[in-house]
Amino acid sequence: MMRAPTILRTILLLGGPVLLCVPPAPAGETHAETDSFEESLARVAERWKNRVFVVVADAGPARVPVDRVMEDPKVLFRKRRVGCAIYMGEQRFLLTTASVVGESREVEIFDQAGRHVLARIVGKDRYLDLAVLETFRALPETEGLPAPELVESPPRGTTCLLLGNAYGGSLSASLGTFEGMLVIDPEGMPVQVRRVAAPIYPGDSGGPVVDTEGRFLGIVTAACQSGPAIREGSIGEIDLEGRPTEPAAAEGLAIPAGTARRAWHDLVRHGHVRRGFLGVEMSGAPEGDIGARILSVLPDSPAQGAGIRPGDVITVYREQVVANARQLCALVAGTWPRAHVDIEYRREGVDVLATVEIGEAVAPPGPRRLRRVPPIGANPLPPIPVVQDTRR
């Protein structure tokens, strides 16, 4: 009996079905092995069903042409942003994307059984597109759930399950692969995101990406639509009658789990994401060399305290080779303030080792900028611009 090209299995979860699209088994694989793989996906979905919530936020008043108002006055009504929130292991706190909550101070949360609760915005970071919510009452479905296990750097091509709320409905899932790294905001401090080759629907923003063992890989932050163009945030709003304003996308972007966990920690405890501060202006190293060349050092900065001067070329940061100024900027920003870090720099041909106590940047970066996405497998790194690490 010939095998169908695609096996469709429906897994009944609390609040509705989850449709899994399972690719055909490799040649020589037995039916029992296929069932085992499908059963593992069912177990993962079962473990995550009480961790994913629907978020409904006010998207603001509509602004539409008069001819549309004449046809249907309902188009003037306020629209809703619909996305997901993830339970990360602390009672009443949920992680979502900043673009889903927008400028709202409070949002509505629904579990997979349709139970409703209000939540306030504890803190958000527009640059990472992450936000933390605190519900006004306990979430009984999360009782006893531990913090999810995560994978810091899964290999490219890892099979993954993307969980969300397609079109604002009940919990849904799609099977795909977790692809390579992509750098966004090429003109400022870089943010590294991972590509997800899986269908992304309106309402999936803020949804978790997990591997086939149920480990957290990342959180959906944007969708790639119309070829290489990017759609950020709620990935399409929902009108009053539940109709999506954007179609599904073939792939999307996810904030890596390690970045999300660090931001979660800061947002819960401080209300903002803390970023490291070195106090230098940098450019690329001399042609054909690696490292970040120091153009200037701010007075009374951590860099000045460590003896770093203009003309030095930083080559190693925390035992990691520095390829360029862009990378060093990201490494410094991702370091906990007050951490002591070993830095190696080259001065007049001599390598010098210094220990720096990283400071804390007092102003967050502005909203991030997204760019066109190259095809999967292409070099994701843009040309290296001059990057400033200052307090602004």
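The values are calculated or read from the model by the stated rules, or taken from the named source; none is laboratory data. This is a predicted model, so every value here is computed, not measured. Cβ: placed from backbone, ideal geometry, glycine included. Neighbour counts: every protein chain shown.
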Close pairs (7 angstrom Cβ cut-off, 6 or more residues apart or separate chains): crowded, with 19+ Cβ neighbours inside 10 Å in region 103-117, among the small types (Gly, Ala, Ser) and not in a strand (DSSP E or B) anywhere: GLN112/GLY15; GLN112/SER170
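Can VAL107 be described as more than 16 Å from the chain's Cα centre (by Cα), in a strand (DSSP E or B), closer than 25 Å to SER172 by Cβ and in the same structural domain as TRP48 (by TED's automatic domain parsing)? Outline the logic, then answer.
Numbers: more than 16 Å from the chain's Cα centre (by Cα): yes; in a strand (DSSP E or B): yes; closer than 25 Å to SER172 by Cβ: yes; in the same structural domain as TRP48 (by TED's automatic domain parsing): yes.
Here the answer is yes, as VAL107 does meet what is asked.
For region 118-152, which positions are out of contact with any strand residue (DSSP E or B) (no Cβ under 8 Å at 6 or more places or on another chain) and either part of a strand (DSSP E or B) or not basic (Lys, Arg) (or both)? So that I can check it myself, show each step before the final result.
Kept after step one, since they are out of contact with any strand residue (DSSP E or B) (no Cβ under 8 Å at 6 or more places or on another chain), are these residues of region 118-152: 126, 138, 140-141, 143-144, 146-147.
Those that are out of contact with any strand residue (DSSP E or B) (no Cβ under 8 Å at 6 or more places or on another chain) and either part of a strand (DSSP E or B) or not basic (Lys, Arg) (or both): ALA138, PRO140, GLU141, GLU143, GLY144, PRO146, ALA147.
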Looking at (1) of a type outside the set (D, E, K, R); (2) modelled with pLDDT under 85; (3) at negative phi, find the lone condition where GLY28 falls short. (3)
Go through region 74-99 and report how many residues are within 18 Å of PRO256 (Cα to Cα) and β-branched (Val, Ile, Thr). 3
Just wondering, is there one or more residues in region 64-87 that are farther than 24 Å from HIS270 by Cα, assigned by TED's automatic domain parsing to the domain that holds CYS160, in a helix (DSSP H, G or I) and under 21 Å from the mean Cα position of the chain (by Cα)? no
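Taking the residues in region 90-100 that are buried (at least 19 other Cβ atoms within 10 Å of the Cβ) and modelled with pLDDT of 90 or more as candidates, determine which candidate is nearest to PHE136 (Cα to Cα). Working first, answer last.
To start, the set of residues in region 90-100 that are buried (at least 19 other Cβ atoms within 10 Å of the Cβ) comprises 93-100.
Subset that is modelled with pLDDT of 90 or more: 93-98.
Numbers: PHE93: 10, LEU94: 12, LEU95: 15, THR96: 16, THR97: 19, ALA98: 19 Å.
Residue satisfying both the conditions and the ranking: PHE93.
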Identity of the residue in region 332-349, assigned to a strand (DSSP E or B) and in contact (Cβ under 8 Å) with a residue 24 or more places away in the chain, that ends up farthest from the chain's Cα centre (by Cα): ARG347
ALA249 over 18 Å from CYS329 (Cβ atoms), surrounded by 20 or more Cβ atoms within 10 Å (Cβ to Cβ) and modelled with pLDDT under 85: yes
